[in-house]
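One structure below.
The values are calculated or read from the model by the stated rules, or taken from the named source; none is laboratory data. Treat the numbers as computed from the prediction; the structure is a model and nothing was measured. Here the Cβ positions follow ideal geometry from the backbone for every residue, glycine too, while neighbour counts run over all protein chains shown. These accessible areas exclude ligands, DNA and RNA; they are computed on the full protein's heavy atoms, side chains included. Shrake-Rupley method; radii C 1.70, N 1.55, O 1.52, S 1.80 Å.
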Amino acid sequence: AQSKPEAAPVRSAPPADLRQGKPLVLVDDDPATLTVLTGLLAELGYRVEAMERGEDALIRVDSLYRDGVRPTVLVDLIMPRMDGTGILGGLELMELVRNNFTDLPLLGLSDFENDEAQRKLRGLGIPLLMKPLKSEVEESREVFAPRLTAALEGLATGVDSGFTSVNI
């Protein structure tokens, strides 16, 4: 008798590594900023999935969502769009996440003021937290950590922390 190839197991629960820490997808096109923020968020108790590209993040969010995991999503506002044009790829990604996964908490991050993008984020109900400049992210870690913590707690509780579009 020939044996049939085994079918892939059906996931009924998230894998063990998905049960450690609060799930969070972090998207930033700057590798140094991504590294610093990943470490900071891990210290705050998050299980961080760090991505440099919006399309990778969208695929990962979709996969987690299908597995029953509801991650918080943090996105750098100023990064390439998915088609490679323009600089508001973070806005594009946040619009897609908001429209397709309406119950996921979203937080925009930026080190650059962009009034039009900030207006669009406010219209979508997505807060924006100003982050340190790329050149200062490591040195500013201790100052930025409490602001990031407050922003994430505001997302978790649904309380508007009043940090939208301002450098707090």
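Using the structure shown, decide if L40 is at pLDDT 90 or above, surrounded by 16 or more Cβ atoms within 10 Å (Cβ to Cβ), under 12 Å from the mean Cα position of the chain (by Cα) and under 18 Å from R147 (Cα atoms).
So L40 does not fit the description; no.
I need the full set of residues from region 103-116 which are surrounded by 17 or more Cβ atoms within 10 Å (Cβ to Cβ) and modelled with pLDDT of 90 or more, in order please.
Residues of region 103-116 surrounded by 17 or more Cβ atoms within 10 Å (Cβ to Cβ): 104-111, 114.
Passing the criteria: L104, P105, L106, L107, G108, L109, S110, D111.
Inside region 70-102, can you point out the residues that are surrounded by fewer than 18 Cβ atoms within 10 Å (Cβ to Cβ), among the aliphatic types (A, V, I, L, M) and within 14 Å of the chain's Cα centre (by Cα)?
L96
Could you look through region 47-69, keep only residues that are β-branched (V, I, T) and open to solvent by less than 40 Å² (accessible area, probe 1.4 Å), and pick out the one that is farthest from the chain's Cα centre (by Cα)?
Going through region 47-69, the residues β-branched (V, I, T) turn out to be 48, 59, 61, 69.
Of the ones still in play, those that are also open to solvent by less than 40 Å² (accessible area, probe 1.4 Å) are 48, 61, 69.
On the way: V48: 9, V61: 9, V69: 14 Å.
Ranking the candidates gives V69 first.
A quick yes/no check of all residues on (1) open to solvent by less than 90 Å² (accessible area, probe 1.4 Å); (2) on the phi > 0 side of the Ramachandran plot; (3) at pLDDT below 90:
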position	(1), (2), (3)
L121	yes, no, no
L124	yes, no, no
P127	yes, no, no
K131	yes, no, no
E153	no, no, no
G158	yes, yes, yes
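Looking at region 69-101 only, could you name the residues that are free of Cβ contacts under 8 Å to residues at least 60 places away in the same chain and closer than 23 Å to L44 by Cβ?
Here is the first cut: in region 69-101, the ones free of Cβ contacts under 8 Å to residues at least 60 places away in the same chain are 69-71, 73-88, 91-92, 94-101.
Result: V69, R70, P71, V73, L74, V75, D76, L77, M79, M94, V97, F101.
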